[in-house]
Amino acid sequence: MDNKKILMISTDYYGIETSIVRAFASNGFAPIFMNSRMNSSERALSKFMRVFPWIKKICNPLVKAALKKENDKYVSIAEKQKPVFAFIVKGDAVFPETIRYLRDKLGIRCLSYQWDDPFPSYHGTAGGNDYRDRNFQDCIKYYDHIFIFDNHYVEEMRNRGVGNVSYLPLAADDELFRKVELTGEEREQFGFDVCFVGMPYDNRIEALNSLKGFNLGVFGDYWERFEDKMIGEYYRGRASGETVQKIYNASKIVLNINHPQSRHGVNARTFEIPCCEAFEIVNYVNGLDDLFIIGEEIVCYKRTEELKDIVEHYLLHEDERREIVRKGYARVKRDHTWHQRVQEVIGLAQ
């Protein structure tokens with residue numbers, strides 16, 4: 001393939017989009033990245049419609065105009081740069097007519113990657129941005145191929161008559177997630193028995209509440225809104241960037257609790273934690289067995305009631321933790337980096 005240009009359209013999501021861009025580059029391609037996040041006017045209009053859904057008839061044309069302006073930019077860049085294919089993450093900002101133009105007029109293969117539920121239940125409910133809610137579903141029939149992070153949704157898509165769909169798990173950026181050296185002060189600050197980094201959901205709060213009595217440190221956004229559900233004061237504030245790696249490396253156990261939407265697929269932390277050479281305990285999700293050897297490369301729990309005993313065991317057996325970390329790290333480096341995931345994308349795009 002002589003043409004190495006790729007048009008990648010994605011919103012920003014905790015840096016994963018940047019990791020994928022780097023992975024395309026490390027595979028010899030020249031990615032052209034366009035951020036599809038809401039601009040300030042679209043964000044304000046969407047929020048206004050969520051609060052006052054009766055005003056949609058007035059606001060929708062304004063929202064469409066804002067998105068149309070962004071779609072015109074995608075088309076303009078594609079016309080000038082002539083990428084060999086487009087890689088569109090989520091696709092909530094991309095109109096069907098844009099996909100059709102890229103494919104039919106410019107001859108650009110269009111691939112989509114979904115790292116969320118492609119059929120979320122809030123579609124069609126009152127309030128919010130109707131266009132972003134339905135753009136991906138309106139575009140499904142026009143994509144050359146669709147990758148989904150969870151096999152459950154792959155099967156659901158096939159049951160709906162979509163054949164050009166396949167499973168592509170999330171992964172780790174091994175340039176970003178790595179073991180870091182810690183100062184004595186950092187070990188004191190982040191040295192928990194068990195830590196967790198992520199947003200609050202009921203299943204996560206339930207698991208964390210079950211660990212009352214341990215030295216527990218939780219970091220992430222919006223936890224202060226759920227203080228009434230938390231047993232104990234384990235929320236320590238927000239964390240991002242290298243601070244996350246420091247938390248992982250300083251703590252004895254890193255707990256990973258998947259989002260409730262994960263049915264047969266796992267979140268990126270599943271790979272990022274062992275990539276930092278940290279010890280992970282994750283809630284069991286169907287398909288985990290295909291990614292790791294459970295008990296050798298990763299540890300999991302199936303019921304909240306058993307989590308406390310598992311934590312107690314591994315706190316008392318440091319040698320076992322170290323061996324699992326060694327094997328889990330090797331597995332991620334061999335099979336689960338974004339460099340390797342992007343190779344699968346390139347194979348189908350050619």
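Rank GLN261, SER251, PRO274 by how far each Cα sits towards the positive end of the charge dipole of segment 248-302 (+1 on Lys, Arg Cβ; -1 on Asp, Glu Cβ) and give me just the farthest.
The listed residue farthest towards the positive side: GLN261.
Tell me the Kirkwood radius of segment 1-68: reciprocal of the mean inverse pair distance over distinct alpha-carbon atoms, in Å.
Working: mean 1/r = 0.0703 Å⁻¹.
One decimal place: 14.2 Å for the Kirkwood radius.
Per-residue HN-Hα couplings for segment 233-241, Karplus 6.51 cos²θ - 1.76 cosθ + 1.60 at θ = phi - 60°, whole Hz, x for Gly and Pro?
9, 9, 6, 10, x, 7, 7, 8, x
Rounded to a whole number, what % of the accessible area of the chain do carbon and sulfur atoms account for, probe 1.4 Å?
About 48 percent, which is the carbon plus sulfur part of the accessible surface.
Determine which aspartates and glutamates satisfy two conditions relative to LYS47: a Cα distance under 17 Å, and not lying fewer than 8 residues away in the same chain.
ASP92, ASP130, ASP133
Once amide H atoms are built 1.01 Å from N in the peptide plane, which residues 5 or more positions from LYS179, or in another chain, come under 5 Å H to H?
Hits under the 5 Å cutoff: none.
Given H placed on each backbone N at 1.01 Å, which residues far from PHE33 in sequence or on other chains put an amide H within less than 5 Å of it?
MET8
Enumerate the whole-percent occupancy of each 10 Å bin, from 0 to the last occupied one, for all C-alpha pair distances of segment 133-182.
Histogramming segment 133-182 at 10 Å steps yields 22, 39, 18, 14, 7, 0 percent.
Using only Cα atoms and rounding to the nearest 10 degrees, what angle (0 to 90) does helix 56-81 make with the longest principal axis of the chain?
Result, in degrees: 90.
Where Lys and Arg each count +1 and Asp and Glu each count -1, what net charge lies around ASP117 among other residues with Cβ under 10 Å from its Cβ?
Charge balance near ASP117 sits at -2.
Per residue, how big is the convex hull around the C-alpha atoms of segment 256-329? Give it to me in cubic angstrom, could you?
Numbers: hull volume 5.5 nm³, N = 74.
Hull volume normalised by residue count: 74 Å³.
Roughly what % of Cα-Cα distances in segment 103-188 sit above 18 Å, to the whole percent?
59 percent
How big is the equivalent ellipsoid of segment 43-114 along its three axes, where each semi-axis is √(5λ) from the Cα gyration tensor, reported in whole Å from largest to smallest?
29, 12, 9
Set the Förster distance to 25 Å, then compute FRET efficiency between LYS47 and ILE77 from the Cβ-Cβ distance, nearest 0.05.
With R0 = 25 Å, the Cβ-Cβ based efficiency is 0.30.
Output the direction-averaged projected area (hull surface divided by four) of the convex hull of the alpha-carbon atoms of segment 12-137, in nm².
On the way: hull surface 32.5 nm².
Averaged projected hull area, Cα only: 8.1 nm².
Hey, what does the equivalent ellipsoid look like for segment 208-350, semi-axes from the Cα gyration tensor as sqrt of 5 times each eigenvalue, largest first, whole Å?
Sorted largest first and rounded, they come to 26, 19, 15 Å.
How are the C-alpha pair distances of segment 91-234 spread across 5 Å bins, as whole percents from the shortest bin up?
2, 8, 12, 13, 13, 13, 12, 10, 8, 6, 3, 1, 0
Straight distance only, please: which lysines reach the Cα of LYS327 with their own Cα at less than 26 Å, same-chain residues fewer than 8 apart left out?
Within the straight-line cut-off, LYS327 pairs with LYS179, LYS246, LYS252, LYS302, LYS308.
Within segment 132-215, which trypsin sites (Lys or Arg not before Pro) sit in a loop by DSSP and count at most 13 neighbouring Cβ atoms inside 10 Å?
Details: sites: ARG132, ARG134, LYS141, ARG158, ARG160, ARG178, LYS179, ARG187, ARG204, LYS212; in loops: ARG160, ARG178, LYS179, LYS212.
The qualifying sites are ARG160, LYS212.
Starting at the first residue of segment 344-349, write each ³J(HN,Hα) from the Karplus equation 6.51 cos²θ - 1.76 cosθ + 1.60 with θ = phi - 60°, in whole Hz, x for Gly and Pro.
5, 5, 4, x, 7, 7
Mind running the shape call on segment 199-287? Use the C-alpha gyration tensor, a ≥ b ≥ c as the square roots of the eigenvalues: rounded below 1.5 for a/c, prolate if a/b tops b/c, oblate otherwise.
Working: a/c = 1.56, a/b = 1.13, b/c = 1.38.
It comes out oblate by the Cα gyration axes.
Taking K and R as +1 and D and E as -1, what net charge do the other residues with C-beta under 13 Å from the C-beta of ILE324 add up to?
Summing Lys/Arg as +1 and Asp/Glu as -1 gives -2.
Not counting the cut sites, what is the longest span of the chain without GluC sites (Glu not before Pro) that DSSP labels loop and that have at most 15 other Cβ atoms within 10 Å? Working shown, then result.
Numbers: sites that count: GLU175, GLU181, GLU233, GLU296.
Longest site-free region, per DSSP loop and neighbour criteria: 1-174.
Using a 1.4 Å probe, what is the accessible area per residue for segment 181-293, in Å²?
43 Å²
Starting from the amide H of GLU280, placed 1.01 Å from N in the peptide plane, find each other amide H under 5 Å away whose residue is 5 or more places distant or on another chain.
VAL254, VAL299
Mind listing the phi-derived Karplus ³J(HN,Hα) values for segment 111-118, rounded to whole Hz, using 6.51, -1.76 and 1.60 with θ = phi - 60°, and x for any glycine or proline?
Those phi angles translate into 10, 10, 10, 9, 10, 9, 4, x Hz.
Divide by every residue of the chain the summed helix terms, -39500 (n - 2.57) for each DSSP H run of at least 4, and state the resulting mean residue ellipticity at 222 nm, rounded to the nearest 500 deg cm²/dmol.
Calculated from helices alone, the mean residue ellipticity at 222 nm is -13000 deg cm²/dmol.
Of all the C-alpha pairs in segment 302-350, what % are more than 14 Å from each other?
Every Cα pair in segment 302-350 considered, those over 14 Å come to 68 percent.
The values are calculated or read from the model by the stated rules, or taken from the named source; none is laboratory data. Computed from a prediction, not measured in an experiment: that's the story for all the values here. A quick note on method: Cβ atoms are made from the backbone with ideal geometry, for glycine too, and the neighbour counts reach across all protein chains shown. Just the protein is used for accessible areas: all its heavy atoms, side chains included, with ligands, DNA and RNA removed. Shrake-Rupley method; radii C 1.70, N 1.55, O 1.52, S 1.80 Å.
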